[in-house]
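A.B. asks: Okay, handing you the structure first.
The values are calculated or read from the model by the stated rules, or taken from the named source; none is laboratory data. Keep in mind it's a predicted model, so treat the numbers as computed, not measured. Glycine gets a Cβ as well: all are built from the backbone with ideal geometry, and neighbour counts include every protein chain shown.
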Amino acid sequence: MGSLPPLRLRRNEERRLRAGHLWVFSNEVDVERTPLRDFAPGDLVRIEDHREAPLGVAYINPESLICARVLTRDARAVIDDTFLTRRLTRALHLRELLFDRPFYRLCYGESDGLPGVVIDRFGDVLVVQTSTAGAERFLDVIVDILQKLLMPRVIVLKNVSSLRTLEGLDSYVRVVKGVVDGPTQIRENDVAFWIDPVNGQKTGWFFDHRANRAMAAKLAKCQRVLDLFSYSGAWGVQAAVSGAEHVDCVDSSGPALALARDNAALNSVEDRMRFIESDVFEFLRHAREDRRRYDLILLDPPALIKRKRDLKAGTEAYRRLNQLALQALNSGGVLVSASCSYHLSRASLSDMLRGLTRHLDRHAVFLWQGGQGPDHPVHPAIPETDYLKTIFCHVSAPG
């Protein structure tokens, strides 16, 4: 069955793959028949069940807990330029169906059939991230395909994620086509933004909250708004453009707030915005002490639970943040509470808000619940691809 070396699974360990998942964990491998030490990170292998029946082609990293990621269920497939071009073309056509403008996540890893590959498109600027040894092996080919498909002005390799460390990969940022001589302008929900694809967080922008920010903007008219962990102002600037009376943006990063200030000026709303460099927990504690209140609070923290072992401490951090935010909310106001931590489920976030509002003796209803945008499609067999949850919680006095 082809020339690729086999990676054989232990008895009954193929069930998750047959159900559609794409990951193989190291403890699922029959290491006596196919020792992991025989493979190098990034090698292509043929996955087989314990009876030697083929399950597909994957790339492997024997040094990682997720030791193999399936690229195709066709065990005879050749993983080459043609294969990768088909995958990227399919991803591009899907985004072109969804969006009128070229601002979106072009490739979302496993959901687009390319595990470990993330590509964000900012007009004629592409930012590419590879987080696995197998994806890194194909990086040059992927860049060549993107040049042929889209003819971008700039391609940036932004390979600085913590996932690379787990895979034994180096971190680096490299411009492989064109020149980045300043911020790049994008549009989201008809609002303009400057982004920094080289020095900004992740790829420079977070497309996943696009629909949630649009909903929040609808609620912002004539409201006093607090944007926490504001980064470059994606939530707060859109709220101001939609007619907020005033917006406070709070972040611990001075450079992020400078970019948020530029984005406010770009949209002529800087006179209704304030930019506060502060730890969010400290800001909220002072707001409680000073009895400062807001009508709409946008709470979108970074992932506070990166691994399952962080669940207890991370959940407590989310609880404290949401409690402090609720204490700064006017009666009749809305808290938009978001979490990008996969290990904090939507049910857990919902229960947390229910418990906190009862503890504070408030009446609460959930107006709307959002997830990630369609350019971050969820693979139905891989729950790990469904990570983002956002709850719009209207809070008022009891009675």
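A.B. asks: Would you check if GLN238 is buried (at least 19 other Cβ atoms within 10 Å of the Cβ) and either touching a His at 6+ places or on another chain (Cβ under 9 Å) or on the phi > 0 side of the Ramachandran plot (or both)?
C.D. replies: Values: buried (at least 19 other Cβ atoms within 10 Å of the Cβ): yes; either touching a His at 6+ places or on another chain (Cβ under 9 Å) or on the phi > 0 side of the Ramachandran plot (or both): no.
No; evaluated as a whole, the condition is false for this residue.
A.B. asks: With of a type in the set (Ser, Thr, Tyr), surrounded by fewer than 15 Cβ atoms within 10 Å (Cβ to Cβ) and not in a helix (DSSP H, G or I) as the only criterion, which of SER331, SER337 stands out? Give the steps one after another, and end with the answer.
C.D. replies: Numbers: SER337 fails: surrounded by fewer than 15 Cβ atoms within 10 Å (Cβ to Cβ).
The conditions single out SER331.
A.B. asks: Next up: Based on this model, can you work out whether LEU65 counts as crowded, with 17+ Cβ neighbours inside 10 Å, not assigned by TED's automatic domain parsing to the domain that holds ARG164 and not polar (S, T, N, Q)? It would help to see each step written out before you state the result.
C.D. replies: Details: crowded, with 17+ Cβ neighbours inside 10 Å: no; not assigned by TED's automatic domain parsing to the domain that holds ARG164: yes; not polar (S, T, N, Q): yes.
When the stated conditions are applied, LEU65 does not pass them.
A.B. asks: As an exercise: evaluate GLY200 against (1) touching a residue at least 60 places away in the same chain (Cβ under 8 Å); (2) out of contact with any strand residue (DSSP E or B) (no Cβ under 8 Å at 6 or more places or on another chain); (3) surrounded by 20 or more Cβ atoms within 10 Å (Cβ to Cβ) and give the number of the one condition it does not meet.
C.D. replies: So the condition that GLY200 fails would be (1).
A.B. asks: Tell me whether segment 299-322 contains one or more residues that are touching a strand residue (DSSP E or B) at 6+ places or on another chain (Cβ under 6 Å), touching a residue at least 24 places away in the same chain (Cβ under 8 Å), in the same structural domain as LEU284 (by TED's automatic domain parsing) and farther than 30 Å from GLY109 by Cα.
C.D. replies: Kept after step one, since they are touching a strand residue (DSSP E or B) at 6+ places or on another chain (Cβ under 6 Å), are these residues of segment 299-322: 299-300, 322.
Subsequent filtering for residues that are touching a residue at least 24 places away in the same chain (Cβ under 8 Å) retains 299-300, 322.
Now narrow it down to the ones that are in the same structural domain as LEU284 (by TED's automatic domain parsing): 299-300, 322.
Next cut, farther than 30 Å from GLY109 by Cα only: 322.
The answer is yes; a qualifying residue exists.
A.B. asks: So how many residues does segment 20-43 have that are among the hydrophobic types (A, V, I, L, M, F, W, C), farther than 14 Å from ARG73 by Cβ and buried (at least 18 other Cβ atoms within 10 Å of the Cβ)? Give the steps one after another, and end with the answer.
C.D. replies: In the first step, residues of segment 20-43 are kept if they are among the hydrophobic types (A, V, I, L, M, F, W, C); the result is 22-25, 29, 31, 36, 39-40.
Subset that is farther than 14 Å from ARG73 by Cβ: 25, 29, 31, 36, 39-40.
Filter once more, so that each one left must be buried (at least 18 other Cβ atoms within 10 Å of the Cβ): 29, 39.
The number of residues fulfilling the criteria is 2.
A.B. asks: Output the residue which, of all residues in segment 116-160 that are assigned to a loop (DSSP other than H, G, I, E, B) and free of Cβ contacts under 8 Å to residues at least 40 places away in the same chain, is nearest to TRP23 (Cα to Cα).
C.D. replies: Residues of segment 116-160 that are assigned to a loop (DSSP other than H, G, I, E, B), as a first pass: 116, 123-124, 131-132, 138, 151-153, 160.
So of that shortlist, the ones also free of Cβ contacts under 8 Å to residues at least 40 places away in the same chain come out as 124, 131, 151-153, 160.
Values: ASP124: 33, SER131: 14, MET151: 33, PRO152: 32, ARG153: 35, VAL160: 22 Å.
Out of the qualifying residues, it is SER131.
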